[in-house]
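Beneath this line is the structure, given in structure tokens, with notes to follow.
Please treat every number below as a calculation from the coordinates, not as lab data. Quick caveat: nothing in here was measured; it's all calculated off a predicted structure. No Cβ is skipped: glycine too gets one built from the backbone with ideal geometry, and neighbour counts run over all protein chains shown.
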Amino acid sequence: MALPAVVDLMTAARALGIGRTTAYGLARNDDFPCPLLRVGGEYRVPTTGLLRALGVDPSIR
């Protein structure tokens, strides 16, 4: 099964062990541990950046 190209902020935060308030605070201050995209009024996290932040090589299938 393929991973989605992006995940929502809370999915990424859970994977990183970050709580909701902290995640949104880090995102607002551009300090989230991986790249973020702002889509409308929501944050999206590219899966490749999240995997790298978790120490997983995104090229491994």
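Residue-wise HN-Hα couplings along the stretch 42-52, as the Karplus relation 6.51 cos²θ - 1.76 cosθ + 1.60 with θ = phi - 60° gives them from phi, are 10, 9, 10, 10, x, 4, 4, x, 5, 4, 4 Hz; Gly and Pro carry x.
A simple packing score, the average count of other Cβ atoms within 10 Å per residue, orders the peptides 48-55, 34-41 as 48-55, 34-41, with the highest score first. Charge dipole (Cα centre; +1 on Lys/Arg Cβ, -1 on Asp/Glu Cβ; no other charges) of the chain amounts to roughly 80 debye. At full extension, Leu37 and Arg14 could sit 6.5 nm farther apart than now, given 0.36 nm per residue minus the alpha carbon distance.
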